[in-house]
1. Would you mind computing Rg(Cα) / (2.2 N^0.38 Å) for the range 130-213, counting N as its residues?
2. For n ≥ 4 DSSP H runs only, could you compute -39500 (n - 2.57) per run for the chain, divide by its residues and tell me the 222 nm figure to the nearest 500?
3. What number, in percent, do you get for the relative contact order of the chain if the mean sequence gap of Cα pairs under 8 Å and at least 6 apart is divided by its residue count?
4. In Å², and per residue, what accessible area does the chain have when probed at 1.4 Å with the other protein chains present?
5. List the residues whose amide H sits under 5 Å from the amide H of Arg160, counting only those 5 or more places along or on another chain, with H placed 1.01 Å from N in the peptide plane.
6. Using Cα positions and a limit of under 20 Å, work out the lysines in reach of Lys50, with same-chain residues fewer than 8 apart set aside.
7. By what distance, in whole Å, do the Cα atoms of the range 74-175 stretch along each of the three principal axes, largest value first?
8. Could you tell me what a quarter of the Cα convex hull surface of the range 1-132 works out to, in nm² with one decimal place?
Amino acid sequence: MYIILLGAPGAGKGTQAVMLAEKLNLIQVASGDLFRQALQQETELGKKAKSYMDKGQLVPDEITIQMVLERLSAPDCENGALLDGFPRNIQQAEALDKTLAQQAKAIERVVYVMVSEGELLKRLSGRWICRNCQAPYHAVDSPPRIAGKCDRCGGELYQRPDDNVETVKKRLEVYFMETSPLIDYYSRAGKLLEINGEGGAAEVNRRIVAALS
Ligand code: AMP
């Protein structure tokens, strides 16, 4: 089962991906996490991606598509994956469809998490993430039990450098220009599930699970 989580930055894709991956026993493949890992390990890929990420722009397709398709070809993704942050434009979606079709596979469902723009800005500005397991927190809405420490693994929490006001604005602009056409793309393919992403994470998760079943 291949499922895509689609939505603007701050819509809660990461939170929902972690919860859903556990529930559906699927591997979460988050393109942003793959880039951040590469950045941390100072690989060539990480160096190439950094300047785009710092500016809130999309990393070029030839780099991104190769990275994600390579990850999807690993044995743990053989029977499915939960894609978070990929595809982010039509070219990426077409490349993904083509590669899956070559293996007689296809995207089954696309969960589109809908959140208002005001809520997106609020969520991104208070966001803290675990350096170790990527679990997300919010300074006001979902703080960790111990300040600065992840509830799940005890890892150190940090704020993403691209969660600053200027870069967030750019990322939202890029989302509306390049990623939102995917809503129509997957709707025409009859794969889109529209989910109200406002409210608590557990409530949103219940809506997604109900829609998927
Ligand atoms: P995210 O963690 O999904 O918010 O991604 C962080 C940053 O990584 C984005 O702002 C982009 O610079 C880059 N990125 C992540 N996924 C993609 C993608 N599918 N295509 C291009 N760039 C991406």
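1. 1.38
2. Calculated from helices alone, the mean residue ellipticity at 222 nm is -14000 deg cm²/dmol.
3. 30 percent.
4. I get 51 Å² per residue for this part.
5. Under 5 Å from the amide H of Arg160: Ile129.
6. Lys169, Lys170
7. Per principal axis, max minus min of the Cα coordinates gives 47, 32, 21 Å.
8. The directionally averaged projection comes out at 8.3 nm².
The values are calculated or read from the model by the stated rules, or taken from the named source; none is laboratory data. On a predicted model such as this, the values are computed, not experimentally measured, just so you know. Accessible surface areas use protein heavy atoms only, side chains included; no ligands, DNA or RNA. Shrake-Rupley method; radii C 1.70, N 1.55, O 1.52, S 1.80 Å.
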